[in-house]
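**Q** Have a look at the structure that comes next, please.
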Amino acid sequence: MSVVIIDYGSGNLHSAAKAFERAAREAELDLSITVSSDPNAVAKADQIVLPGVGAFADCRRGLDSVPGMVEVLQRRVHEDKRPFFGICVGMQLMATRGLEHTTSYGLDWIKGDVKAIVPKDPALKIPHMGWNTLELAKPHPVLDGIPTGPDGLHAYFVHSYALSAADPADVVATTDYGGPVTAIVGRDNLVGAQFHPEKSQALGLRLIANFLRWRP
Amino acid sequence: MLKVRLIPCLDVKDGRVVKGVQFVDLVDAGDPVEAAKAYDAAGADELCFLDITASHEARGILLDVVRRTAEACFMPLTVGGGVRTVEDIRNLLLAGADKVSINTAAVKNPDFVREASEKFGNQCIVVAIDAKKVSGEGEPAAWEIFTHGGRTATGIDAIAFAKQAAALGAGELLVTSMDRDGTKGGYDLPLVRAIADAVSVPVIASGGVGNLDHLVDGVEKGHASAVLAASIFHFGTHTISEAKGYMAKAGLKMRLDEPAHSASIRTA
């Protein structure tokens with residue numbers, strides 16, 4: 001089995017790769033994990049990870065700047081049904097549109113827009129930065145063995161924009177920040193996390209291991 | 001609910017950990033990567049490296065430290081000290097830093113904050129504000145920005161500068177009292193609070209922690225989103241878990257997860 005972490009110029013992927021390697025090793029999974037900007041590597045990989053930091057429009061531009069990448073992604077995800085994991089802006093790119101600074105278009109796998117977080121309590125700081133717990137909306141294999149709810153494990157968030165899903169059934173988990181904020185989305189062979197599993201210690205490593213074991 | 005972050009800070013010089021008392025009289029105390037791993041295992045919420053290496057030629061050593069830390073620690077890492085150009089930021093982020101803190105360069109050229117946050121996203125740009133109180137007794141409280149490790153006065157008002165940095169795109173402010181740093185007398189709470197109440201981005205309180213009550217005060221009285229300390233952890237006066245437990249008992253919302261260990265993953 002092989003896992004590709006897509007490199008499209010959006011920040012450092014070394015620590016993400018190390019987290020996936022460690023999760024695979026500790027879960028005793030025999031996998032090859034590569035970081036690649038080559039659409040051919042994405043075409044061959046069994047599982048696909050799309051990370052992303054920065055602004056939505058910049059990340060979309062970065063993805064488009066790799067010839068053939070979006071086409072290969074669409075094919076692998078839709079026709080070949082390969083397990084896909086979007087992280088942070090990589091998760092936001094699964095949405096229909098991003099409304100950060102300007103309107104730009106995502107991959108339209110999860111219907112909905114990525115909008116500025118507006119907490120009900122104006123004293124809450126933006127970005128939503130730090131460790132928060134997850135509220136389970138629907139059970140999902142990537143959350144197996146991960147305690148959720150107020151006494152559950154914590155995930156590390158850093159974001160000012162959040163995905164507002166048109167269909168509530170696509171939301172796997174939310175987090176509370178002056179109201180519910182989408183934390184995990186999932187549908188069919190697709191899953192995405194707004195937080196950074198590669199920075200989320202115990203929760204993150206277990207989530208990654210669950211994704212690597214996932215056979216949707 | 002979002003938790004209060006506890007951030008141990010390691011001062012790094014030529015690839016080794018030091019802790020300055022009032023930024024002089026440094027004591028060498030170990031390998032930063034080993035210290036980072038220990039803090040990771042102990043449940044620190046983030047790590048901060050402050051590079052105080054004088055020569056620009058030695059940057060490669062820091063990048064190597066950052067790279068090795070990022071490979072071993074799956075938690076957020078902020079790196080600051082001597083960050084002057086977009087290229088400096090890029091190099092640190094590519095080495096594995098999650099956030100980069102800018103100090104003197106932001107004071108000299110506030111537009112650098114805008115340039116950096118537009119290029120890399122405001123989530124990874126921290127502006128470090130080193131301030132000293134300049135108002136006398138009976139006068140309205142006022143603080144001034146100091147640079148070069150607290151040696152150079154700038155004449156710039158700290159609160160105005162904080163507002164400007166946030167408006168220009170800083171995702172977070174690291175507020176250090178140069179009066180308190182190294183004294184173990186506690187944060188300059190009026191300073192931290194004045195800034196935290198004036199900006200919409202998170203504020204990290206820094207400078208002066210000598211006991212666990214100081215950490216609680218930073219949040220309760222200083223209105224900080226995160227509290228940073230160095231020597232109380234580094235010299236073993238208190239452990240991270242002791243501090244977090246104490247803060248939780250005082251009523252603060254803390255993350256008290258068991259740190260990552262292999263067994264918890266294998267039994268999933």
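**Q** Would you check which residues across the range A:178-211 are in contact with a strand residue (DSSP E or B) (Cβ under 7 Å, 6 or more places away or on another chain) and surrounded by fewer than 24 Cβ atoms within 10 Å (Cβ to Cβ) and list them?
**A** Of everything in the range A:178-211, those that are in contact with a strand residue (DSSP E or B) (Cβ under 7 Å, 6 or more places away or on another chain) and surrounded by fewer than 24 Cβ atoms within 10 Å (Cβ to Cβ) turn out to be A:P180, A:V181, A:R187, A:N189, A:L190, A:F211.
**Q** Here's a follow-up. Tell me which residues, restricted to the range A:31-48, are more than 14 Å from every other protein chain (Cβ to nearest Cβ), in a strand (DSSP E or B), without any contact (Cβ under 8 Å) to a residue 60 or more places away in the chain and closer than 17 Å to A:N210 by Cα.
**A** A:S32, A:I48 - these are the residues of the range A:31-48 that are more than 14 Å from every other protein chain (Cβ to nearest Cβ), in a strand (DSSP E or B), without any contact (Cβ under 8 Å) to a residue 60 or more places away in the chain and closer than 17 Å to A:N210 by Cα.
**Q** Being surrounded by fewer than 16 Cβ atoms within 10 Å (Cβ to Cβ), aliphatic (A, V, I, L, M) and touching a residue at least 24 places away in the same chain (Cβ under 8 Å), is that true of even one residue in the range B:171-185?
**A** no
**Q** Out of A:D30, A:D38, I need the residue that is of a type in the set (D, E, K, R) and modelled with pLDDT of 95 or more. Which one? Quick ask: steps written out before the conclusion?
**A** Working: A:D30 fails: modelled with pLDDT of 95 or more.
Sole residue among the options that is of a type in the set (D, E, K, R) and modelled with pLDDT of 95 or more: A:D38.
**Q** On to the next question. Among the helices (runs of 4 or more DSSP H) lying completely within the range B:24-129, list those that include at least 2 residues that are in contact with a Leu (Cβ under 7 Å, 6 or more places away or on another chain). Can you show your working first?
**A** Working: elements: B:32-42, B:59-72, B:86-95, B:104-108, B:111-120.
Hits in the range B:24-129: B:32-42, B:59-72, B:86-95, B:111-120.
**Q** Still on this structure: Are any residues in the range B:61-92 hydrophobic (A, V, I, L, M, F, W, C) and surrounded by 21 or more Cβ atoms within 10 Å (Cβ to Cβ), and if so, which ones?
**A** Taking the range B:61-92 first, the residues hydrophobic (A, V, I, L, M, F, W, C) are B:61-63, B:65-66, B:70, B:72-75, B:77, B:79, B:83, B:86, B:89, B:92.
Within the range B:61-92, B:L62, B:V65, B:V66, B:A70, B:C73, B:F74, B:M75, B:L77, B:V79, B:V83, B:I89, B:L92 qualify.
**Q** Please enumerate the residues belonging to the range B:58-96 that are at the interface with chain A (Cβ under 9 Å from one of its Cβ atoms) and closer than 11 Å to A:H14 by Cβ.
**A** The answer is B:R67, B:A70, B:E71, B:L93, B:L94, B:A95, B:G96.
**Q** What's the total number of residues in the range A:49-64 that are of a type in the set (A, V, I, L, M), within 14 Å of chain B (Cβ to nearest Cβ) and crowded, with 21+ Cβ neighbours inside 10 Å? First the steps, then the outcome.
**A** To start, the set of residues in the range A:49-64 that are of a type in the set (A, V, I, L, M) comprises A:49-50, A:53, A:55, A:57, A:63.
If we keep only those that are within 14 Å of chain B (Cβ to nearest Cβ) too, we end up with A:53, A:55, A:57.
Next, from what is left, pick out any that are crowded, with 21+ Cβ neighbours inside 10 Å: A:53, A:55.
Qualifying residue count for the region: 2.
**Q** On to the next question. Please go through the range A:69-96 and pick out each residue that is small (G, A, S) and outside any helix (DSSP H, G or I).
**A** Of the range A:69-96, the ones small (G, A, S) are A:86, A:90, A:95.
Within the range A:69-96, A:G86, A:A95 meet the criteria.
**Q** Any residue at all in the range A:140-152 that's out of contact with any strand residue (DSSP E or B) (no Cβ under 8 Å at 6 or more places or on another chain) and within 19 Å of B:E172 (Cα to Cα)?
**A** No, the range A:140-152 contains no residue that is out of contact with any strand residue (DSSP E or B) (no Cβ under 8 Å at 6 or more places or on another chain) and within 19 Å of B:E172 (Cα to Cα).
**Q** When the residues of the range A:126-184 are filtered to those that are more than 21 Å from A:G106 (Cβ to Cβ) and among the polar types (S, T, N, Q), which remaining residue is farthest from the other protein chains (Cβ to nearest Cβ)? Even if it seems obvious, please write down each step before you answer.
**A** Residues of the range A:126-184 that are more than 21 Å from A:G106 (Cβ to Cβ), as a first pass: A:126, A:129-136, A:138-139, A:141, A:143-156, A:176-179.
Remaining after also requiring among the polar types (S, T, N, Q): A:132-133, A:148.
On the way: A:N132: 5, A:T133: 7, A:T148: 12 Å.
Per the criteria, the residue is A:T148.
Every residue, every condition in (1) of a type in the set (G, A, S); (2) within 17 Å of the chain's Cα centre (by Cα); (3) within 14 Å of chain B (Cβ to nearest Cβ), yes or no:
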position: A:R25; (1), (2), (3): no, no, yes
position: A:L29; (1), (2), (3): no, no, yes
position: A:V66; (1), (2), (3): no, no, no
position: A:V77; (1), (2), (3): no, yes, no
position: A:P83; (1), (2), (3): no, yes, no
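**Q** List pairs: first residue in the range A:6-17 and more than 9 Å from every other protein chain (Cβ to nearest Cβ), second residue in a loop (DSSP other than H, G, I, E, B) and modelled with pLDDT under 80 anywhere in the structure, Cβ distance under 7 angstrom, at least six positions apart or on different chains.
**A** Cβ pairs passing all conditions: none.
**Q** If you check B:G207 against the conditions, is it over 18 Å from A:P127 (Cβ atoms) and either buried (at least 23 other Cβ atoms within 10 Å of the Cβ) or in contact with an Asp or Glu (Cβ under 8 Å, 6 or more places away or on another chain) (or both)?
**A** Working: over 18 Å from A:P127 (Cβ atoms): yes; either buried (at least 23 other Cβ atoms within 10 Å of the Cβ) or in contact with an Asp or Glu (Cβ under 8 Å, 6 or more places away or on another chain) (or both): yes.
Yes, satisfied.
**Q** Go through A:K138, A:K115, A:K125 for me and flag whichever is assigned to a loop (DSSP other than H, G, I, E, B), surrounded by fewer than 18 Cβ atoms within 10 Å (Cβ to Cβ) and charged (D, E, K, R).
**A** Numbers: A:K115 fails: assigned to a loop (DSSP other than H, G, I, E, B); A:K125 fails: surrounded by fewer than 18 Cβ atoms within 10 Å (Cβ to Cβ).
Being assigned to a loop (DSSP other than H, G, I, E, B), surrounded by fewer than 18 Cβ atoms within 10 Å (Cβ to Cβ) and charged (D, E, K, R) holds for just one of A:K138, A:K115, A:K125, which is A:K138.
**Q** Further question: Hey, among the residues in the range B:131-172 that are of a type in the set (V, I, T) and outside any strand (DSSP E or B), which one's modelled with the lowest pLDDT?
**A** If we filter the range B:131-172 for residues that are of a type in the set (V, I, T), which is where we start, we get B:134, B:145, B:147, B:152, B:154, B:156, B:159.
Applying the additional criterion that residues be outside any strand (DSSP E or B) yields B:134, B:159.
Values: B:V134: 95, B:I159: 98.
Once the filter is applied, the top-ranked residue is B:V134.
**Q** Now for a separate question. Looking at the range B:68-86, which of its residues are within 16 Å of A:Q201 (Cα to Cα) and among the hydrophobic types (A, V, I, L, M, F, W, C)?
**A** B:A70, B:A72, B:C73, B:F74, B:M75, B:L77
The values are calculated or read from the model by the stated rules, or taken from the named source; none is laboratory data. Here the structure is a predicted model, which is why all the values come from computation and not from measurement. Glycine gets a Cβ as well: all are built from the backbone with ideal geometry, and neighbour counts include every protein chain shown.
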